[in-house]
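The values are calculated or read from the model by the stated rules, or taken from the named source; none is laboratory data. Just so we're clear, the structure is a prediction, and the values are computed from it rather than from any experiment. Heads up, the Cβs are rebuilt from the backbone with ideal geometry, glycines too, and the neighbour counts pull from every protein chain shown. Side chains included, ligands, DNA and RNA excluded: accessible areas come from the protein's heavy atoms. Shrake-Rupley method; radii C 1.70, N 1.55, O 1.52, S 1.80 Å.
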Amino acid sequence: MSGADGPWRPTEHGANIGHSSAWMAHRKVALDVHRMLHEDDPERAILDAPYTVMALRQVLRGVEMTRRHLKSDAARALLGDGLAAFDLAVPGGKEARDVIEHFDEYAMGVGRLQQPDVRTPRARRPDDALSEKYNHRLEWDRSGDEPRPVYVVGPYRIDLVAAEDAAFRLHCDAYEALLLDEGNPAPRGWAYQLRRGARHG
């Protein structure tokens, strides 16, 4: 085991590596959303948006890594709740990421979600109607006080403002899970409220 006098071993710090990775991915999401809302650059927004959705998946992957490497059941349960809350706040996020990542398949209508009954990818036949049904694009929801960027991926609509907030909350949950795992528990939601509550209060 690595200690103060021994070498730092990444294999002994999976929870922290996952947390750091989730933090970096969230920063990408937050910076993209900030630019979309505050910079008048429509072309950049269109280019950023699909990779914002991809970065959301990296937040999840980092937090899932943290959860796998936690030692206590209580800390793992906290992150299990956090991951479930993220899925509720960002419905269709995983599916949207799949469509974007495997654009070469979905553009031909042969993606896993397009032909779910055909288990073998080579047995799927190109389909123009399915290709069109799963195209993706950036739209703006103008129903509220301020326009909000929404990335539409086939039947899934990802509100990027809500998704960024959910990703930040999940990252805060991971931090609290690490504290709990180390024997320094904090009230649930404390990290999120400390950093974001003051801004919105």
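Under a model in which nothing but the beta-carbon of Lys, Arg (+1) and Asp, Glu (-1) is charged, segment 86-137 shows a dipole of about 120 debye around its Cα centre.
Cα centroids of segment 165-187 and segment 1-58: 16 Å apart.
Using a simple spin-label model with pseudo-atoms 7 Å out from Cα toward Cβ, residue 101 and residue 117 lie 2.7 nm apart.
Starting from the residue with the highest accessible area, list 133, 94 in decreasing order, probe 1.4 Å.
133, 94
Overall size of segment 1-133 from C-alpha positions, given as principal axis extents largest first: 61, 44, 29 Å. Potential lengthening of the chain between residue 8 and residue 81 amounts to 23.2 nm, from the contour at 0.36 nm per residue minus the alpha-carbon distance. Here the chain is treated with +1 on each Lys and Arg Cβ and -1 on each Asp and Glu Cβ, and its dipole about the Cα centre works out to around 460 debye.
Once R0 is set to 30 Å, what does the formula 1/(1 + (r/R0)^6) return for the Cβ-Cβ distance between residue 71 and residue 23, expressed as a FRET efficiency to the nearest 0.05?
Between residue 71 and residue 23 the formula returns 0.90.
At the residue level, residue 23 shows approximately 120 square angstrom of accessible surface with a 1.4 angstrom probe and all protein chains present. Looking at the square roots a ≥ b ≥ c of the eigenvalues of the Cα gyration tensor of segment 42-88, which shape do they give, rounded for a/c under 1.5, prolate if a/b is larger than b/c, or oblate? Taking the square roots of the gyration eigenvalues as a ≥ b ≥ c, segment 42-88 is prolate. The largest accessible area among 69, 38 belongs to the first residue in 38, 69, and the rest follow in falling order (1.4 Å probe, all chains).
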